[in-house]
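The values are calculated or read from the model by the stated rules, or taken from the named source; none is laboratory data. A quick note: this is a predicted structure, and the numbers were derived from the prediction, not measured. Cβ placement follows ideal geometry from the backbone for every residue including glycine, while neighbour counts extend to all protein chains displayed.
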Ligand code: SF4
Ligand code: SF4
């Protein structure tokens, strides 16, 4: 694409993501409602979709309060960090053979880096709030991210080995003969779990754990700053679904329909899947989370890594 | 470990199956829930079949009321009947327990299946007698307290009530 087209596409993408995240707040509540035998917001507009607008109005007109006891600069900076990092993550996602912003040979690493940066937002938010609950939330997120980050990256190395490239476009192209969800089933499983932990959504929302920590790291946040955290979280959800689609389910590949439609359909499916996980699975205790990470997920990833490596070598030799 | 993994998958599947069950929600303002005839809601003061106030201001309801939300003052009419000079129920306190209805000896105070009493102003939740009093006899169509009680009022002397024996003249020794 030319520079002009790329800029236009970036703007469109930006709008689409923010809009998508906003609609997702409503969509998630409707889906959760359906799975819990109720309706969810269904009053405003067709199917209640205008609820998004109402929520936006409410959040925009809320008092933008900065607690006097907080570390003000960091407090204000923290919520922006997560949104910026998540948005940047979208830069490397190939939506179709032509539609992408960046195709760099370290695309996958870039994505991992950006999601890791998002952790700072939660951490700094928790620290700067100068509040016990927020601090506990920040602490938890730090520990959770450190442990899940490790095998989130490792679980993708199987894909990289099979493709021989970090570029996301190459990875999609390499899946023409078969999606990686089959040979890399273990990697997919670990990546999904680590991804949820990374975007700290239920069932791994220990940093905010309403029932024990009021709202965890964003206890002191309200109005637009709170919105930024939520926006970041939903962007993270979309980004995660995009990545799963790209890495394991053949990205834009698919018969008949145009590539971008396939990509959106697959992404949409995974978003629904994550919401289903939220509806179905209870939050683990903190030590359970940690022991699951180090005692189950990490060994699984290593087994996957070694096995994939061995098979790749064997196939090369044959 | 293995079992818990299976159980998680099972949970996800079970929740997914709920996509096909009907929602329990009652879409309230459009869809009214069924309320039994004896549902305990807004309180009314009824009249006897002849159209007179049933309440005799005995204060039993006010005493029985757990949150103490009934206030009234007794008065005596010229024909000898007792009546409440004012009768006030503070519905912002009332818990719709029905104790007042149980306590009332004249079936005057009754609860109705109506609960839609929202107000913007707290003061509007305080109902006075003119708000409470209705024109009909409520759930008991032919009960009239003064027709069965021994109290003397104009047009009904001692001993003239239903099933009431003649008053005994304690001054006389004759059998
Ligand atoms: S229903 Fe209960 S709370 Fe209400 S006025 Fe009667 S006794 Fe009091
Ligand atoms: S409503 Fe019934 S219980 Fe209450 S004062 Fe009147 S007669 Fe007595």
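Residues that are closer than 30 Å to residue A:130 by Cβ, touching a helix residue (DSSP H, G or I) at 6+ places or on another chain (Cβ under 8 Å) and outside any helix (DSSP H, G or I): does the range A:92-108 have at least one?
The answer is no; no qualifying residue exists.
What number of residues within the range B:97-111 are within 12 Å of residue B:44 (Cα to Cα) and either in contact with a strand residue (DSSP E or B) (Cβ under 8 Å, 6 or more places away or on another chain) or buried (at least 19 other Cβ atoms within 10 Å of the Cβ) (or both)?
Total meeting the criteria: 7.
Can you work out which of the residues in the range A:57-77 that are assigned to a helix (DSSP H, G or I) and either in contact with a strand residue (DSSP E or B) (Cβ under 7 Å, 6 or more places away or on another chain) or in contact (Cβ under 8 Å) with a residue 60 or more places away in the chain (or both) is surrounded by the fewest Cβ atoms within 10 Å (Cβ to Cβ)?
A:60
Which of the helices (runs of 4 or more DSSP H) contained wholly in the range A:184-274 include at least 3 residues that are more than 27 Å from residue A:174 (Cβ to Cβ) and at pLDDT 80 or above?
A:223-248
Where residues in the range B:32-49 are out of contact with any helix residue (DSSP H, G or I) (no Cβ under 7 Å at 6 or more places or on another chain) and within 15 Å of ligand 1 (Cβ to nearest atom), which of them is modelled with the lowest pLDDT?
B:38
Can you confirm whether residue B:53 is free of Cβ contacts under 8 Å to residues at least 12 places away in the same chain and either at negative phi or within 16 Å of ligand 2 (Cβ to nearest atom) (or both)?
no
Kindly indicate whether any position in the range B:161-170 is surrounded by 13 or more Cβ atoms within 10 Å (Cβ to Cβ) and in contact (Cβ under 8 Å) with a residue 60 or more places away in the chain.
Scanning the range B:161-170, I find no residue that is surrounded by 13 or more Cβ atoms within 10 Å (Cβ to Cβ) and in contact (Cβ under 8 Å) with a residue 60 or more places away in the chain, so the answer is no.
Looking only at the range B:76-116, which residues are away from ligand 2 (no atom under 15 Å from the Cβ) and in contact with a helix residue (DSSP H, G or I) (Cβ under 6 Å, 6 or more places away or on another chain)?
Passing the criteria: B:91, B:92.
Suppose we filter A:199, A:241 for residues that are over 18 Å from residue A:123 (Cβ atoms) and out of contact with any strand residue (DSSP E or B) (no Cβ under 7 Å at 6 or more places or on another chain); which single one remains?
It is A:241.
Rundown of residues vs (1) more than 8 Å from ligand 1 (Cβ to nearest atom); (2) modelled with pLDDT under 90; (3) more than 14 Å from chain A (Cβ to nearest Cβ), yes/no style:
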{"position": "B:51", "(1), (2), (3)": "yes, yes, yes"}
{"position": "B:56", "(1), (2), (3)": "yes, no, yes"}
{"position": "B:59", "(1), (2), (3)": "yes, no, yes"}
{"position": "B:65", "(1), (2), (3)": "no, no, yes"}
{"position": "B:68", "(1), (2), (3)": "no, no, yes"}
{"position": "B:76", "(1), (2), (3)": "yes, no, yes"}
{"position": "B:81", "(1), (2), (3)": "yes, yes, yes"}
{"position": "B:93", "(1), (2), (3)": "no, no, yes"}
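Restricting the range A:21-46 to residues that are loosely packed, with under 15 Cβ neighbours inside 10 Å and assigned to a helix (DSSP H, G or I), which is nearest to the other protein chains (Cβ to nearest Cβ)?
This residue is A:46.
Could you tell me which of the residues B:14, B:27, B:8 is within 14 Å of another protein chain (Cβ to nearest Cβ), closer than 30 Å to residue A:31 by Cβ and surrounded by 15 or more Cβ atoms within 10 Å (Cβ to Cβ)?
One residue alone meets the criteria, B:8.
Could you say which residue among A:217, A:249, A:229 is within 14 Å of residue A:126 (Cβ to Cβ), touching a residue at least 40 places away in the same chain (Cβ under 8 Å), over 16 Å from the mean Cα position of the chain (by Cα) and crowded, with 20+ Cβ neighbours inside 10 Å?
After ruling out the rest, the residue left standing is A:217.
Per-residue answers, yes or no, for (1) within 14 Å of chain B (Cβ to nearest Cβ); (2) within 26 Å of residue A:146 (Cα to Cα):
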site: A:258; (1), (2): no, no
site: A:263; (1), (2): no, no
site: A:267; (1), (2): no, no
site: A:285; (1), (2): yes, yes
site: A:288; (1), (2): yes, yes
site: A:291; (1), (2): yes, yes
site: A:300; (1), (2): yes, yes
site: A:304; (1), (2): no, yes
site: A:313; (1), (2): no, no
